[in-house]
Amino acid sequence: MAAACAGMEAAAAAAATAVPPPSPPPSAAAAPGLSELVCAQGRNVKAVLCQRCGSRVLLPGAATFARRELLLPAMRKKAAAAAGGGGDVVREHWLVRDMFSFENVGFTRDVGNVKFLVCADCEAGPIGWHCLDDKDSFYVALERVAHE
């Protein structure tokens, strides 16, 4: 079953062939804005919100910054999602180790060995990813959420 999760990462690697390898956790010289989101211990300084409705997904300090290339389906309406299509390679995530740390998140049905994370209020997403083989790792893509 771990092959399904590895396949998502392999697809992300194939989609990003010209991209340099992931870099270490952010520092003071990191990309502008990232230092405002991550504290010295690597945790989120600000609350994580749904981009569409503003619903609170995570409280400050509830997640750790992580870099990992994952392929997430494109964010679009359900009708467009049913028609199929590509996805986006995302590299910067909030890593949550306990599903009960979330304030407001929903999970899709199993897609292979993966569940995608969505906003529980407006169902926008996927905003993140969870492999069923690793019960303690939930990834929320930074580019798919807002911060306050």
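For Ser55, the residues 5 or more places off, or on other chains, whose built amide H falls under 5 Å of its own are Cys50. Amide H contacts of Ile127 (H built 1.01 Å from N, in plane; Pro and chain starts excluded): Leu117, Val118, Cys119 sit under 5 Å, all sequence-distant by 5 or more or on other chains.
Accessible surface computed residue by residue for segment 81-131, with neighbouring protein chains in place and a 1.4 Å probe, gives 47 Å² per residue.
The values are calculated or read from the model by the stated rules, or taken from the named source; none is laboratory data. Quick caveat, the model's predicted, so the values are computed rather than measured. For the accessible areas, the whole protein counts, side chains as well, though only heavy atoms, and no ligand, DNA or RNA atoms are used. Shrake-Rupley method; radii C 1.70, N 1.55, O 1.52, S 1.80 Å.
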